[in-house]
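Taken together, the values in this text are just the output of simple stated rules run on the coordinates, not laboratory data. Keep in mind it's a predicted model, so treat the numbers as computed, not measured. In this analysis, Cβ positions are derived from the backbone assuming ideal geometry, glycine residues included, and neighbour counts consider all displayed protein chains.
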Amino acid sequence: MNLAIRDIRHHVGRFVFTTLGVGLLLMIVMGMGGIYRGLIHEATLLVDRVGADLWVVQGTTRGPFAEISRVAANLEDRVRVVPGVARARRFVSHTLQREQGGKPLRMVVQGLAWPDDQGDWVPLVAGRGLRQAHFELIADQSLGLPLGEKIKLGKDLYEVVGQTRGLVGTGGDGLTFFTVSDALAIQFDVPGEAVRLERAARRARVADSDLGRLQPLLLDRAAGLSSGIPAFATPQVSAILVTLKPGADAAAVRRILGTWPDITVYSIQEQKDLLLAGMVDKARRQLGLFRVLLIIISTIIIALIIYTLTLDKLRDIALLKLIGARNRVIGGLILQQALLMGACGFGIAWCLGFYLFPYFPRRVLIEPPDLVSLGIIVILCSTLASLLGIWKALRVEPNTVLAG
Amino acid sequence: MNVVVSDAPAIEVTNLRKVYGQGHTEVVAIRAATLRIGRGEIVGLFGPSGSGKSTLLTAMALINPPTAGRIAIGGQPVMDGPRALVDARAFRRQHIGFVFQKPNLIPFLTALENVQVALEINDTPARQARQRALDLLGYLGVGPRATNLPDALSGGEQQRVAIARALANDPSLILADEPTASLDGALGRQVMELFAKVAHERRAGVLVVTHDHRTLDVFDRILDVEDGAIRERANPESDVQQ
């Protein structure tokens, strides 16, 4: 006969409400773990999906996801001729915030080396990839931009031609994909007045120099478009993505690129490690501490509830002892209730999380190993929580029954 | 292993002494009590409050070790002074049944389960335990209430279930502590007659602590306890001396 189940049956309302409370607490513990997993997933999503074997970034920097990285766009031509390299693509990444419909719209802008890279690797849920050099973008659904929507960024209008789902950056902002030239135009857009002032300043600097006095035609050049001045630097991009030839020796390619002092080369794993160590680590530790605290709180709450339930039936326990029940029968009654409370709480947490977590603003990723480990923790905590009640029960004298 | 000899007295207490406290706080609850209850015998234990009845009962129930003296149950020595000669809890489980002033049924178990649990903790398989519990409830006239929780039973029915629980493991000794105190006269008498029936039909020794003088005729013998001493009343039909 299972005494624990029968006691619960008799106090079903109290058990259900208590277990619901424990379940909500465990859901938060589960959610904390899920948020951490979600952070990692979102942080490494792009690095995983972009399909590059090596990332070439500005020398001594940790790459575009950790800090500002600037390399010349024509670095891709230098990289392309290295033996073993099949493909080199420019890559631009930056975050911008605009207003759309009166609400802030934050997006992570990714520049694709069109026409080599038209975003065909991007997992679309609607629309198509980039099919022209300008004024098109692929946007994640989290941004709320429907297909065909036109948004003004800088001085130009861009049309949403493709949609992804769940592609977000490390900050949880939706990813957008433009051609590199559009991404740069958006990044370096400045107001017309600033352009005019810069041109006037440039003309004045040339006019003050010997060259300007000797070559008056240069003054018109200096006051014209920046792109029309050959002496100006080529555009800067965030990184160059390298795809190796099948069977190529990645170490050999890295050795060659490693001799170039203006760049640093990272493998996919190194890039992911930098991302996780730099951006996610503190969040991970913070969430981890919260989880530990919540688990301790859950254990204390279960312990107190079980202790209270035990106090309520001390007389029954004394009676069981008087009629000869072994300690394991009495301990089992309390332990089983604690375990049942933990197990039901865990089930409630899982069910609630299953329906609630998708509505959270950041991804909450619950993975089977995390569920298993939390389940084990719940079992351990429930066992620990029952000890107080068992201790109390085992101290009860059987003759308590005879008193009054 | 506990060996109880079937033709031995249900309980034999020799020179039992129980002292609480030490020095100037010392209180002698029982002085050199000796008694013997045979199988199939029902004995009433009378005495005023504070006379040592409950102390004697708890000592005989192996839950309150005496300071001195010996106790043998079913012929087996179980206490020698404060020293237990058997595993007290296991011995109670197998050989002693208890009935209290209040029925003390476990509130979350049905009448049937309250009896069944006593059998199952004595390692009786669940199916057999259930059948025996049903038989006992039927024997005591509460079979139709087997699936009711204690809350749904009357006081008399609850006490009958408690008696069924006490009988569950076919004990050689039943100890009852004022079992009719919370029952009205007619019901109290019914319960006492039930004890007598159990003692005579099931060959158990029954010791009933009571104040109820209306049921004196039920007992085979009457013991009076006064100031920790036991005295057997010569005429069981006579009134209590106190």
**Message:** I'd like the Kirkwood hydrodynamic radius of the range A:261-401, using the inverse of the mean 1/r over distinct C-alpha pairs, in Å.
**Reply:** 18.4
**Within 10 Å of each Cβ in B:103-110, the average number of Cβ atoms from other chains** = 6
**Request:** For peptide A:391-402, compute the average count of partner chain beta-carbon atoms within 10 Å of each residue's beta-carbon.
**Result:** 3
**Asked** About the Cα centre of the protein assembly as shown, what is the dipole size in debye to 20, counting +1 per Lys and Arg Cβ and -1 per Asp and Glu Cβ, all else neutral?
**Response** 980
**Fill in**
Between residue A:199 and residue A:255, the FRET efficiency computed from the C-beta separation at R0 = 51 Å comes out, to the nearest 0.05, as 0.70
**Message:** What do you get for GluC sites (Glu not before Pro) in the range A:190-295 restricted to DSSP loop and a cutoff of at most 10 other Cβ within 10 Å of the site's Cβ?
**Reply:** none
**Request:** Report, in deg cm²/dmol and to the nearest 500, the calculated mean residue ellipticity at 222 nm for the protein assembly as shown, where each DSSP H run with n ≥ 4 adds -39500 (n - 2.57) and the sum is divided by the residue count.
**Result:** -14000 deg cm²/dmol
**Complete:** Distance in Å, no decimals, from the C-alpha centre of the range A:356-404 to the one of the range A:195-218 is 78
**Message:** Output wanted: per-residue J couplings in Hz (rounded whole) for the range B:19-33, from phi through Karplus 6.51 cos²θ - 1.76 cosθ + 1.60, θ = phi - 60°, x for Gly and Pro.
**Reply:** 10, 9, x, 9, x, 6, 9, 5, 10, 8, 7, 9, 10, 5, 7
**Request:** Give a residue-ordered list of calculated ³J(HN,Hα) values for the range B:40-52 (Karplus: 6.51 cos²θ - 1.76 cosθ + 1.60, θ = phi - 60°; whole Hz; x for Gly, Pro).
**Result:** x, 10, 10, 10, x, 10, 10, x, x, 4, x, 7, x
**Message:** Given N residues in the range A:303-385, what is its alpha carbon radius of gyration divided by 2.2 N^0.38 Å?
**Reply:** 1.47
**Message:** I need to check one value: relative contact order of chain B, counting alpha carbon pairs closer than 8 Å and at least 6 residues apart, in percent.
**Reply:** 27
**Request:** Give the dimensionless ratio obtained when the Cα radius of gyration of the range A:258-316 is divided by 2.2 N^0.38 Å.
**Result:** 2.36
**Prompt:** So in the protein assembly as shown, what percent of DSSP beta bridges are antiparallel if you round to the nearest 5?
**Reply:** 65
**Message:** Nothing charged except the Cβ atoms of Lys and Arg (+1) and of Asp and Glu (-1): what's the magnitude of the dipole of chain B about its Cα centre? Round to the nearest 20 debye.
**Reply:** 480
**Prompt:** Short version: ³J(HN,Hα) in whole Hz for each residue of the range A:250-265, in order, from phi by Karplus 6.51 cos²θ - 1.76 cosθ + 1.60 (θ = phi - 60°), x for Gly and Pro, what are they?
**Reply:** 4, 5, 5, 4, 5, 4, 5, 5, x, 7, 8, x, 8, 9, 10, 10
**Set of aspartates and glutamates near residue B:102 by C-alpha distance (under 16 Å), chain-local residues within fewer than 8 positions excluded** = A:316, B:151, B:157, B:177, B:178, B:184, B:212
**Asked** lysines within cross-link reach of residue A:272: Cα-Cα under 24 Å, excluding same-chain residues under 8 positions apart?
**Response** A:245, A:282
**Asked** In what sequence, highest mean first, do A:122-129, A:145-152 appear when ranked by Cβ atoms within 10 angstrom?
**Response** A:122-129, A:145-152
**Lys/Arg +1, Asp/Glu -1 at C-beta; the range B:61-125 dipole; positive extreme among B:116, B:85, B:96** = B:85
**Item:** Per-selection Rg to Rh, the range B:78-145 - Cα, Kirkwood hydrodynamic radius
**Value:** 1.06
**Asked** For chain A, treating each Cα as an identical point scatterer without solvent, what Debye log10 I(q)/I(0) comes out at q = 0.07, 0.13 1/Å?
**Response** -0.53, -1.09
**Message:** How shielded is A:322-334 by partner chains, expressed as the average number of their Cβ atoms within 10 Å of its Cβ atoms?
**Reply:** 5
**Prompt:** Hey, can you rank B:25-37, B:98-110 by average C-beta count inside 10 Å, highest first?
**Reply:** B:98-110, B:25-37
**Asked** Relative contact order of chain A: what whole-number percent is it, with Cα pairs under 8 angstrom and at least 6 residues apart?
**Response** 28
**Prompt:** Could you name the lysines in cross-link range of residue B:18, using Cα to Cα under 23 Å and dropping any fewer than eight places away on the same chain?
**Reply:** A:321, B:53
